[in-house]
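Okay, structure first, notes after.
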Amino acid sequence: MKKTTLIFAALFASSFAMAQNTATTDQSGNNNLSTTDQTGRNTATTIQVTGMNATVNPSNISEITQSGEDNSATVSQVLGNSFNAGAGHFATISQDGNDNTAFVRQEQRGASATVEQEGANNYAGLTQAGPNDAGTAGSSDAGIRQIGDNNLLSTVNGNGVIGSSTQRAYMQNGNSFDSDKSFLTVEQLGDGNKAGVYLMGRTDASIFQEGDFNSASINSQSQSSGLINTASIEQLGEGNTARIDQGPRGNVNNTGDDNHADILQSGDFNVASSNQFGVSNRSAIEQDGDFNIANISQTGTLNIADIMQEGSFNTASIMQTGSMNVGSVIQNGIGNTASITQGN
């Protein structure tokens, strides 16, 4: 009888350990609010820091909800001493499934982020950075949704290489102007999709991927007080690749405002890229079919470029330098090739 009791006790202790959740909350300063709700076997970490002179109320708000096993969620919020007006930080993470990872780091006043993960082995990393204050009404808003398995949201470098699951998408607003607001939406529906994002200044960016093994990256920067850039990528299918670069990256002394780029791809294994450096450039790429390639490169002011391809194995490129160039390519069929080069 004693032996049976000991075996039962050991099995109970083992089952309890396997089903254990871990939640850690570390708060420093005033007016912080954190809630964690866990079901299964998960790990959640919340770090909230409010400077001694900060008077924003509430300062930091964090909500984490986890259901499943081996999910990991981290929220890190830092509200500096100079933040004595405007809005604080808000972050919410919701995970349902197994082995998902989400990390949100907020330093920018008025930053708001929502992360939703459903499936297995998804990763979403996001930094909404300072030290710029973005004025009393400035904000950095992000909405991230991953439904499926093995999807990734990370950063992207200047060469278009998407980061790993140890890095985070990056957003930073402009310099102390109330209108300096950045917006990011990423939605991945399927398996094995990758997205990389690096935004500085005023940018409205969105990525939508439905299918499997698609890759999309947006690298956009405007001047601190400049006009907003917009960048949009939508991919439906499998194995598509899209890249938007609007700059100049990492150099606030050069212009890079009011650029707008859109990429829409439907089909499989299409490749599209748009590179714009300057002011008030417009580009649009639409591809419907398989194995199409489109590239737009614009440097200067008030340039417009459009590529539309329907079919398979088509290739199109537009390169424009200077001001007020207009280029357009429309192809319908199989194996067509077109290129436009203009400058002034």
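Values in this text are rule-based calculations from the coordinates and carry no lab data. Just so it is clear, the model here is predicted, and its values are computed rather than measured. Cβ placement follows ideal geometry from the backbone for every residue including glycine, while neighbour counts extend to all protein chains displayed.
All other residues with a Cβ under 9 Å from the Cβ of Gly68 taken together, and with Lys, Arg as +1 and Asp, Glu as -1, what is their net charge? Mind showing how you got there, number by number?
Numbers: positive: Arg41; negative: Glu69, Asp70, Asp96, Asp99.
Neighbour charge sum, excluding Gly68 itself: -3.
Please report, for the Cα atoms of the stretch 291-341, the Rg to one decimal and the Dmax as a whole number; what are they, in angstrom?
Using the Cα atoms of the stretch 291-341, the pair Rg, Dmax is 11.3, 34 Å.
Is there a quick way to get the dipole size of the stretch 42-129? I mean about its Cα centre, with the Cβ of Lys and Arg at +1 and of Asp and Glu at -1; what is the value in debye to the nearest 20? Don't jump to the answer; show the numbers that get you there.
On the way: 2 positive and 8 negative charges, 110 e Å.
Here the stretch 42-129 has a charge dipole of around 520 debye.
Hey, got the Cα dimensions of the stretch 244-344 along the principal axes, in Å, largest first?
43, 26, 14
Which cross-chain or sequence-distant (5 or more) residues have an amide H under 5 Å from the amide H of Thr25, H modelled 1.01 Å from N in plane?
For Thr25, the qualifying residues are Thr46.
Using 0.36 nm per residue, how much length does the chain from Val161 to Glu310 gain when fully extended, once their Cα-Cα distance is taken away?
This chain segment gains 50.9 nm when fully extended.
Using the Karplus curve 6.51 cos²θ - 1.76 cosθ + 1.60 with θ = phi - 60°, what ³J(HN,Hα) values do you get for each residue of the stretch 309-322, in whole Hz, with x for Gly and Pro?
Calculated HN-Hα couplings, in order: 10, 10, x, 9, 6, 8, 9, 9, 9, 10, 10, 9, 10, x Hz.
What is the set of long-range amide H partners of Ser317 at a cut-off below 5 Å, with H atoms built 1.01 Å from backbone N?
When sequence neighbours closer than 5 places are left aside, the close amide H contacts are Asn295, Ala338, Ser339, Ile340.
What residues have an amide H closer than 5 Å to that of Gln38, excluding those fewer than 5 places away on the same chain, when H is modeled at 1.01 Å from N in the peptide plane?
Distant-sequence amide H within range of Gln38: Gln66.
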